[in-house]
1. Whenever you get a sec, line up H58, H209 from highest to lowest accessible area (probe 1.4 Å, protein heavy atoms).
2. Which value in deg cm²/dmol, rounded to the nearest 500, describes the helix-derived mean residue ellipticity at 222 nm for the chain, given -39,500 (n - 2.57) per DSSP H run of n ≥ 4 and division by the residue count?
3. Select from V33, A224, P44 the residue farthest towards the positive end of the dipole of the chain; place +1 on Cβ of Lys and Arg, -1 on Cβ of Asp and Glu, and compute about the Cα centre.
4. Quick check: residue separation of E64 and F223 times 0.36 nm, minus the Cα distance between them. What number comes out in nm?
5. If you put +1 on each Lys and Arg Cβ and -1 on each Asp and Glu Cβ, how big is the dipole of the chain around its Cα centre, in Debye rounded to 20?
6. When you count, for each residue, the other Cβ atoms within 10 Å and take the mean per peptide, how do 30-42, 146-158 rank with the highest first?
7. Please compare each pair in K130/K208; K72/K155; K208/K230; K104/K153; K104/K159; K100/K130 to a cut-off of 19 Å on the Cα-Cα distance and tell me which ones are over it.
8. Which percent of Cα-Cα pairs in the chain sits in each 10 Å bin, short to long?
Amino acid sequence: MEAERLLSELPLEILRIIVAYLPPKDLLPVVLVSQLWRELGENPRLWRGFTLCIRREHVRRIEEVLAIRRLKHLQRIQFSKLCLNNATDNATVFNVIAFKESVKELIIRGSDLSKVSPDVIATCLNNMDKVEFVPHIWGTGLTFEQVDALFVKMKVETKLRVLNIRSNNLSRVSAKVMAECVNNLEEVDMWNTSLNTEQVEQMLLVSKHRTKLKSLNISGNYFAMLDVPKDIIEDAKRIIPTFEYC
């Protein structure tokens, strides 16, 4: 109690500096101490680095959850199949978070988004800075319509820098569209995405002339690589700092 009293007597600016050093997990008990500490600990700027893991209990009140003061500047949201494995629930949540402007990073692991409109998927993911959408082996990846909408939108306008879309089927995406989109990003993971030879060739040929890529992973697409000329691969290895293709 004496320590709490002494802390409460410190100037407000000093208290703000103290709470600014606390990670979100330590801020949670802080906001329960008193009204003063609640006001300090609820500052939205302190929660920017917090990852909101969507759980089943969030589904029917997702708008209420995202309206919590401390989450005003929330930047990272994660879906997990272990917490949400119902396509309807996923769509309910996704359709809300898709329009929260502060969110810059979306992590989706094994969650079925098949009931989300392709247009919503395309708009939401292209408004992010980082996206990870990785289905479990037994899960459901993006539909062909969602994948197509994602890349068509990306070709026109995107804020994406980092895209991890491994284990999704990308075989139907136009080779030219894919090449232009991928080379406009900084980090791309397309491991095991059923790429075809034309798609791979176009991506690597475009990278020879202009690219922002710092990292590209197209390994796991063995049959696509068989007919790609060796000189094209060698050029890509020289141009792209981190290039994985085996």
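The values are calculated or read from the model by the stated rules, or taken from the named source; none is laboratory data. Remember, it's a predicted structure, so these values are computed and weren't measured experimentally. Heads up, the Cβs are rebuilt from the backbone with ideal geometry, glycines too, and the neighbour counts pull from every protein chain shown. Just the protein is used for accessible areas: all its heavy atoms, side chains included, with ligands, DNA and RNA removed. Shrake-Rupley method; radii C 1.70, N 1.55, O 1.52, S 1.80 Å.
1. On the way: H58 25, H209 155 Å².
Sorted by accessible area, descending: H209, H58.
2. The helix contribution divided over the chain gives -11500 deg cm²/dmol.
3. Selected residue: V33.
4. Values: separation 159, 0.36 × 159 = 57.24 nm, distance 4.79 nm.
Extra length from E64 to F223 when fully extended: 52.4 nm.
5. Roughly 240 debye for the chain.
6. Peptide ranking by packing, descending: 146-158, 30-42.
7. Over 19 Å apart, Cα to Cα: K130/K208; K72/K155.
8. Bins of 10 Å from zero give 7, 28, 26, 19, 12, 6, 2, 0 percent of pairs.
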